[in-house]
Amino acid sequence: MNESDFNLKHQNQNTESKIVASLERISQAFRVLLWQESKEYALSPIQVQVLIFLLNHSNEKRKVSYLADEFNMTKATISETVKSLEQKNLITKEYEPHDTRSYIIHLTQKGKEIADKTSYFTREISAPIQNLDEESKENMLQSLFDIIHHLNKTGVITIQRMCTTCVYFRPSAEGKEPVCGLLEKVLYSEDLRIDCPEHQMKA
Ligand code: SF4
């Protein structure tokens, strides 16, 4: 790539660069929407993201080290976030019997309620996607999977819980659809998962 995606002369004649610039604008929208939601509850954006993550993931993922990888932050920063959420009575810590430095983070009732309400912050992004026809949605999903897969392979994104990096994923062969070996089902493009609770990373 010789030209920047943000060089307007190049961008205006180049579909790929327009797609990159559009993704950048959408990421800006995520930040704005998350910020608005956070302000309403006097929380920081990362505090809201952590609450939403805790609401939707199982015990083994509700730990400081996992959250640090998930949000690409240091353990010290996540520990501070958790401390602040604890002071606001939104989470509790369950220390592990075999290691008193490690703990599982649980939402309190108040934490669950705020996590649930704030988790709708993407509604204005979902609205136009809902209006797409099925084929456009499937194509879009497949393209986004490919981008995320590339970002994972090149080390930009460390955490992945999507089918293509899962040990149970059997890629398509001879024109057949891929299969999930765990759920024993064919994975049509609309069945591919971006955040699967059963995901096991390929070695
Ligand atoms: S276990 Fe989940 S992530 Fe793995 S292939 Fe099956 S559906 Fe996909």
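Odds and ends about this structure:
- Pairs with Cβ under 6 Å, 6+ apart, first in the stretch 130-150 and under 18 Å from Ser172 (Cα atoms), second modelled with pLDDT under 90 and part of a helix (DSSP H, G or I): Glu138/Ser189; Glu138/Glu190; Gln142/Ser189; His149/Thr164
- Considering residues of the stretch 148-169 that are more than 8 Å from the ligand (Cβ to nearest atom) and open to solvent by 70 Å² or more (accessible area, probe 1.4 Å) only, the residue nearest to the chain's Cα centre (by Cα): Thr158
- Some residue of the stretch 1-17 being surrounded by fewer than 17 Cβ atoms within 10 Å (Cβ to Cβ), in contact (Cβ under 8 Å) with a residue 40 or more places away in the chain and either in a helix (DSSP H, G or I) or not aliphatic (A, V, I, L, M) (or both): no
- Those residues of the stretch 92-117 which are touching a strand residue (DSSP E or B) at 6+ places or on another chain (Cβ under 9 Å) and touching a residue at least 40 places away in the same chain (Cβ under 8 Å), in sequence order: Tyr103, Ile104, Ile105, His106, Leu107, Gly111, Ile114, Ala115
- In the stretch 147-181, the residues that are among the acidic types (Asp, Glu) and assigned to a helix (DSSP H, G or I): none
- Yes/no for Lys18 being closer than 29 Å to Tyr103 by Cα, assigned by TED's automatic domain parsing to the domain that holds Tyr103 and among the basic types (Lys, Arg): no
- Within the stretch 182-199, the residues that satisfy the criterion of being more than 7 Å from the ligand (Cβ to nearest atom), assigned to a loop (DSSP other than H, G, I, E, B) and without any contact (Cβ under 8 Å) to a residue 40 or more places away in the chain are Glu184, Tyr188.
- In the stretch 170-181, residue farthest from Ser65 (Cα to Cα) [restricted to those that are within 13 Å of the ligand (Cβ to nearest atom) and open to solvent by less than 80 Å² (accessible area, probe 1.4 Å)]: Ser172
The values are calculated or read from the model by the stated rules, or taken from the named source; none is laboratory data. Keep in mind it's a predicted model, so treat the numbers as computed, not measured. Every residue, glycine as well, gets a Cβ built from its backbone with ideal geometry; the counts of neighbours run over all protein chains shown. To get the accessible areas, we keep the full protein, side chains included, count just its heavy atoms, and leave off ligands, DNA and RNA. Shrake-Rupley method; radii C 1.70, N 1.55, O 1.52, S 1.80 Å.
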